[in-house]
Each structure stands twice: as structure tokens, then as C-alpha cells.
Amino acid sequence: MSTQNLSQVPQPNRRVRTLVVDDEPLARDLISGLVSRDPDLDLVGVAACGSEALSAIERYAPDLLLLDIQMPNLDGVSIAEQLLGMASTPYIVFITAHDEYAIQAFEVSVRDYIVKPVSKTRFAASMSRAKKAICAEIIEKPKPLIIKSGETLSSVLPNDVVWVSAANQYVCLHTAQKREFVIAKSLRQFSRDLPEKVFTRIHRSTLINKSHLKSVYKGEGCYIVEMSDGSQHKIARNRKYVVADLLATTGSQIQ
């Protein structure tokens, strides 16, 4: 079977972010090597068990998850089940020595199932299908933010985030659905995960989504923004330069 390069499918202007999860070092190294030799795949991380996998999924937000099934503390089927309810799940391929999990795999929306030992031909054919599907999805919809709380993963679409507050090395996401998510990152670190044309930092501890901006008005000694959820936030004096951009977003004058 011939393989298909990304030049033959829609282009997302980046390689496919790939995470390898396997508790066996030799298998992990073999699969990672196959990924590294594919110019269309970007090996963003590896994990040796289920709990490491959840942390890596939150950290790297992979497009493609190459997942073993039988692992310590949390198996591959359980991980796939957690990802089912998310706004956008990675494209999951099970790579396992056990063929008896095939029915369970497809019940949790796993897209392919490779039985070890992994042949280069079988792997290349699976990756060809994965790359074509993933690239189409990357172009069609924005990548969600993956948030880990204990052993549970949640996902939030960037456009659902109204504003972000920060304290020390934590940020809190405030969504249009009136939900809050706390993440162990600084505001500067977290802002790198957001589309920069949509989000604007108005204060050292506040980031806002311009698509949720209702108005800008002059308060006592500072400018203030009002958001779609009714919240109001001061614009820091050293960030007054963002006012013109915010007014252009709302198409209005200062109230």
C-alpha cells in the first residue's frame, strides 16, 4: 500500500503533534523512532504510564496519540474513555501486543489498531490515514485547551474563554458557560497557548478575549472594559496603548 505525504492533503502549516505512550522501553523507543523519521510528524513527547500520559496530553495537546493498552495505574482504554467527552480529542491509534481489545477500542472511538510487533509498512499505512484526517481537522476547527485536574482531563475551546485572571504561578479561566478552570501556569506561559490576535493582555494579571468585549469606558483614573459575562476589568496605565485596538474591535467610541 502506498503512503501519502502531507503535500497531497490540506496543509495546516505545521507538522502533526504526536505523543507516544508505552510502558515498555524498547517498544517506546521503536515507535518514537518511526515517528521521528516521518517528516510530517512532530514527536512532542513520550510517556511510560497512564498518569504520565494524562499530564503529557494536557501539556502538549497532541493531534495524534499512539497509545499502548496494558499499562500501570491507568490503561489505554481508560485514557481513551476520558478523552471521549472532550470538545476535540486526539486521533488515537492503539499499538498493543494484545488483539483481544479491538472491539473495546472502537467503542471508545479509537481510529486504528496496530498489533505488535509493529511493521514499518503497517505503521506507514496507519500514519498516512491519520495525517490526512488530522490535517483536515486542524484546518476546520481551532485546537482546544486541554486542562488536567487530578486524573481527569477537560477541554475548553479558546473562543469560550471570556477572560483569564492570574495569581502567582496559577491562572484561572472564566468561560462563557460560567465555568472556571485553574491551571498551574503563569499568565505569560498560558498566553502562548492562545491565538494572539484574539486575546489581549490589559493588566499584568488579566487577559481578555476581544470577541467577548462589550464596551470600553473611562473610569476614575483608568480605562475599564466590560465583558460579555458582565465582568469589568481595569486597563493598566502602562497598557493604555491597547485601548485603540479594543475600540476598533467593538466598533464604538469610549463611553
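Could you calculate the contour length gain from Leu194 to Tyr241, that is, 0.36 nm times the residue separation minus the distance between their Cα atoms, to one decimal place in nm?
Working: separation 47, 0.36 × 47 = 16.92 nm, distance 2.06 nm.
Taking 0.36 nm per residue and subtracting the Cα distance, the gain is 14.9 nm.
Kirkwood hydrodynamic radius, the range 52-145, all distinct C-alpha pairs: what's the number in Å? Please list the in-between numbers first.
Working: mean 1/r = 0.0724 Å⁻¹.
The answer is 13.8 Å.
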What spacing in nm lies between the two simple spin-label points modelled at Ser205 and Cys222, each 7 Å away from Cα in the Cβ direction? 1.0 nm
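How high is the relative contact order of the chain? Use alpha-carbon pairs under 8 Å, at least six apart in sequence, and give a whole percent.
Details: 457 pairs, mean separation 33.1, N = 255.
Contact order relative to length: 13 percent.
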With no solvent and one equal point scatterer placed on each C-alpha of the range 157-250, evaluate the Debye formula and give log10 I(q)/I(0) for q = 0.20 Å⁻¹, two decimals. -0.95
Pairs Lys143/Lys185; Lys210/Lys234; Lys143/Lys234; Lys210/Lys240; Lys131/Lys185; Lys148/Lys240: which exceed 26 Å Cα-Cα? Lys143/Lys234; Lys131/Lys185; Lys148/Lys240
Largest fluctuation, Cys172, Cys135, Cys222 only, Gaussian network model of the chain with Cα springs under 10 angstrom, belongs to Cys222
Label Glu180 and Leu74 with points 7 Å out from Cα along Cα→Cβ: what is the distance between them in nm? 2.4 nm
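Kindly put Arg59, Arg17, Arg239 in sequence by how many other C-beta atoms sit within 10 Å of each C-beta, fewest to most. Write out the running numbers ahead of the final one.
Working: Arg59 14, Arg17 20, Arg239 17.
In increasing order of surrounding Cβ atoms, one gets Arg59, Arg239, Arg17.
When every alpha-carbon pair in the chain is counted, what percent end up more than 29 Å apart? Please list the in-between numbers first.
Working: 12977 of 32385 pairs.
Cα-Cα pairs in the chain separated by more than 29 Å: 40 percent.
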Return the single residue from Ile103, Ile202, Ile147 with maximal mean-square fluctuation; model: Gaussian network over the chain, springs between Cα atoms under 10 Å. Ile103
So for the pair Gln169, Asp29, with labels modelled 7 Å out along Cα→Cβ, what separation do we get in nm? 3.2 nm
Reachable aspartates and glutamates from Lys214, criterion Cα separation under 16 angstrom, eight or more residues apart if same chain: Asp160, Glu226, Asp229, Asp245
Karplus-derived 3J(HN,Hα), 6.51/-1.76/1.60, for each residue of the range 107-120, Hz, glycine and proline x: 5, 9, 6, 5, 8, 7, 9, 10, 9, 6, x, 7, 8, 4
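Where a number appears in this text, it was derived from the coordinates with a stated rule and is not lab data. If you're wondering where the values come from, they're calculated on a predicted model, not measured in any experiment. Every residue, glycine among them, receives a Cβ derived from its backbone with ideal geometry; neighbour counts consider all protein chains shown.
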